[in-house]
Amino acid sequence: MRSDESKFSIFSKKKTVETDPSQLKIPTHLAVIMDGNGRWAKKRMLPRSAGHRAGADNLKNLCKNCGHYGIKYVTVYAFSTENWSRPESEVHTLMELFVEYFDRYDPELEQEGIRVRFTGDIAALPENIQAVCKRAEEGSKHRDRMTLIVAFNYGGRREIVQASQKLAERVAAGDITSDQITEELFAQNLYLPDVPDPDLIIRPSGEERTSNFLVWEGAYSELWFSDVLWPDFGMQELTDALIAYTKRDRRFGGLSEKKDDV
Ligand code: FPP
């Protein structure tokens with residue numbers, strides 16, 4: 001390998017910014033809205049189900065690529081509380097893919113040291129789906145290189161409503177008073193209170209909105225959008241997102257820590 005070449009052949013030569021992982025600021029938690037499967041299939045005159053299958057395959061690549069960069073948590077939006085309004089056949093395909101996925105890819109997830117967790121209204125899902133979640137979570141508990149969080153039957157608003165219900169019950173039971181509800185206590189009642197908030201949320205496919213994804217947790221997340229459709233979103237696109245993230249100045253409502261900012 002020539003010394004001026006990137007360590008990773010997948011990186012295009014036109015890159016002007018160093019793409020060595022040590023040159024990048026790496027988010028602890030990356031979240032991805034896997035959008036564009038339908039359009040990917042349409043472009044190829046394939047059924048939408050083929051797009052979802054390609055999208056599910058690409059999740060494997062995302063995990064590998066994020067593992068390479070040392071990202072600790074990756075949350076992906078696989079099925080929203082609003083996706084039930086899609087045609088029954090499409091909902092069925094997505095459920096089927098979900099059931100297949102974790103058994104089929106478990107050896108690869110194991111090899112990569114990937115723990116699997118789920119976020120969403122899991123208790124409202126059919127029992128066979130809940131069983132898949134339980135099996136995948138239990139079987140991967142010991143892995144600690146990276147955590148893949150799959151948002152399934154997930155809606156940010158529903159998550160907030162359910163947290164509010166839990167707290168309202170505690171107030172009604174006299175366990176706490178309403179003025180004891182702080183942001184911290186509220187966050188402890190969300191689906192995965194031990195997971196840090198996402199640093200960066202990526203949405204491919206040209207749409208620029210967050211669609212009820214991680215509404216509370218994403219309050220201060222950096223956003224990055226790409227025109228590439230999800231099944232084609234690879235190492236190059238992830239690297240582009242990380243390069244952009246590296247240049248962002250996260251202030252969380254405060255002032256910049258950069259010395260030249262007065
Ligand atoms: C949105 O794209 C995508 C979804 C609603 C489903 C995402 C699901 C997967 C990638 C596969 C399932 C995941 C697992 C974990 C097995 P869209 O189809 O609405 O895209 P479009 O806007 O181009 O129609």
5 angstrom amide H check on Leu223, placed H, neighbours 5+ away: Ile201
Mean Cβ neighbour count within 10 Å, used as a protection proxy, ranking 99-112, 242-255 highest first: 99-112, 242-255
Carbon/sulfur fraction of accessible area - the chain, other protein chains in place, 1.4 Å, %: 50
Amide H contacts under 5 Å for Phe233, placed H, 5+ residues apart: none
In Hz, Karplus ³J(HN,Hα) per residue of region 47-59 (6.51, -1.76, 1.60; θ = phi - 60°; x = Gly, Pro): x, 4, 4, 5, x, 5, 5, 5, x, 5, 4, 5, 4
Gln188-Asp175 pseudo-label distance in nm [points 7 Å out on the Cα-to-Cβ vector]: 1.1
Radius 15 Å from Cβ of Gly139, net charge of other residues (Lys, Arg +1; Asp, Glu -1): -1
Cβ-Cβ FRET estimate between Lys166 and Arg145, R0 fixed at 25 Å, reported to 0.05: 0.20
Cα gyration tensor shape of the chain, rounded if a/c is under 1.5, else prolate or oblate by comparing a/b with b/c: oblate
Three-way shape label, region 77-170, alpha-carbon gyration tensor, a/c 1.5: oblate
Placed amide H near Asn153: partners under 5 Å, 5+ positions off or other chain: Phe79, Ser80
For the chain, accessible area per residue (1.4 Å probe, heavy atoms of protein chains only), Å²: 54
Cβ-defined net charge surrounding Ser211, 9 Å radius [Lys, Arg +1; Asp, Glu -1]: -1
Karplus-derived 3J(HN,Hα), 6.51/-1.76/1.60, for each residue of region 196-213, Hz, glycine and proline x: x, 4, x, 7, 9, 10, 10, 10, x, 5, x, 7, 10, 7, 9, 6, 6, 9
Simple spin-label estimate for Ser256 and Arg135 in nanometres, 7 Å along Cα-Cβ: 5.2
Ranked packing of 145-158, 164-177, 74-87, most packed first, by mean Cβ within 10 Å: 145-158, 74-87, 164-177
For the chain, built as a Gaussian network whose Cα springs stay under 10 Å, the top-fluctuating residue of Leu94, Leu192, Leu46: Leu46
Förster radius 22 Å - calculated FRET efficiency between Gln111 and Ser22, Cβ distance, rounded to 0.05: 0.35
Karplus-derived 3J(HN,Hα), 6.51/-1.76/1.60, for each residue of region 234-240, Hz, glycine and proline x: x, 4, 4, 5, 4, 5, 4
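The values are calculated or read from the model by the stated rules, or taken from the named source; none is laboratory data. Quantities reported herein were computed from a predicted structural model and do not represent experimental measurements. Cβ atoms come from the backbone with ideal geometry, glycine included; neighbour counts cover every protein chain shown. Ligands, DNA and RNA are stripped out before the accessible areas are found, and what is left, the full protein with its side chains, is counted by its heavy atoms. Shrake-Rupley method; radii C 1.70, N 1.55, O 1.52, S 1.80 Å.
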